[in-house]
Amino acid sequence: MAEAAHQYDETMPLEYRTEESRLNILGFWIFLGAEVVLFATLFATYLVLFQRTGSGPTTSDLFEIKDVMIETLLLLTSSFTCGLAVFEMRRRRLSGLLTWLLVTLLLGAGFITFEIREFIHYVHEGATIQTSAFLSSFFVLVGTHGAHVSLGICWMILIIIQLLQRGFTPRTARKVFIVSLYWHFLDVVWIFIFTLVYLTGMVM
Amino acid sequence: MGANHHHETFPWKHIVGFILSLVLTFIALWVALSSGWTIKAILGVIVTLAVLQAALQLFMFMHMTESDSGRVQTINMLYSFFIAVVVVAGSIWVMWFVL
């Protein structure tokens, strides 16, 4: 490890200081590659089936642009504030990091609240997961994304607790950086849900 | 390597990335709902805008290319996007008869 210590000197951000952390981050990128493929299979299923609406509502009957835009802007802004959190971490400002992580959490919780309200609204209109092939694949795709966001919220709360207990260490810095990668990735997936599910659904 | 932005005092890269993301989102919204173009043209443009915005997140927010693993990380993501395109486009292609 002497070689690694020599290689990853003081000029690197804290999360890259050890060989172990750098490999953890690389490993997480490989996990994200697998997640891309997971979501690709769900997108493929949805895009093949979304016009199979049976006797249930179609995409343009169901989707409302105002709700979708609120969700999109909440998640996009949370991705931005999560980036600011890492920026503050690299300036070694713990209070700035904690503040932006908290803002990110609140925006994420707002996103989930709107998404659950959207789903409840659909179910009340008789559009359940069992209504048609379109709705089955819709709820599975968008629900999987929502489950990821919910998991991200719990994960981020645990990281905040560790930061409060331990402050900046190479380990906590690496954990913050990895949860930030996860959070940005969820916004990347949402960009495609916004485009291929909602916008496409309102055009077709 | 690429890790020098912790010396910056203002998060320009993030703010530019955020504004560009907003612009791309609203252009896509306008193209889809108000442009009046053909469906093919609309789909082509909004998918392109989505890919651009995804790239923006990867480079400006996720710092994909930084550290000594930057190259491996970039190749890994490009490969996963390639698989994603094959899976999605391939599924639509073979199931074209039901669409």
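The values are calculated or read from the model by the stated rules, or taken from the named source; none is laboratory data. Every value quoted in this text rests on a predicted model; they were computed, and no experiment measured them. Every residue, glycine among them, receives a Cβ derived from its backbone with ideal geometry; neighbour counts consider all protein chains shown. What goes into the accessible areas is simple: the full protein's heavy atoms, side chains included, and nothing from ligands, DNA or RNA. Shrake-Rupley method; radii C 1.70, N 1.55, O 1.52, S 1.80 Å.
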### Task
Could you tell me whether B:Leu20 is more than 8 Å from chain A (Cβ to nearest Cβ), on the phi < 0 side of the Ramachandran plot and of a type outside the set (Lys, Arg)?
yes
### Query
Restricting the first residue to region A:68-95 and requiring it to be within 9 Å of chain B (Cβ to nearest Cβ) and farther than 15 Å from B:Ala54 by Cα, which pairs with a second residue that is open to solvent by less than 10 Å² (accessible area, probe 1.4 Å) and in a loop (DSSP other than H, G, I, E, B) meet a Cβ separation below 7 Å and a spacing of at least six or different chains?
A:Arg90/A:Pro13
### Message
Against the definition (under 25 Å from B:Val31 (Cα atoms), open to solvent by less than 10 Å² (accessible area, probe 1.4 Å) and out of contact with any Gly (no Cβ under 8 Å at 6 or more places or on another chain)), how does A:Gly146 come out, yes or no?
### Response
no
### Task
Give, as residue ranges, the helices (runs of 4 or more DSSP H) completely inside region A:35-138 that count at least 3 residues that are buried (at least 21 other Cβ atoms within 10 Å of the Cβ).
A:65-90, A:94-124
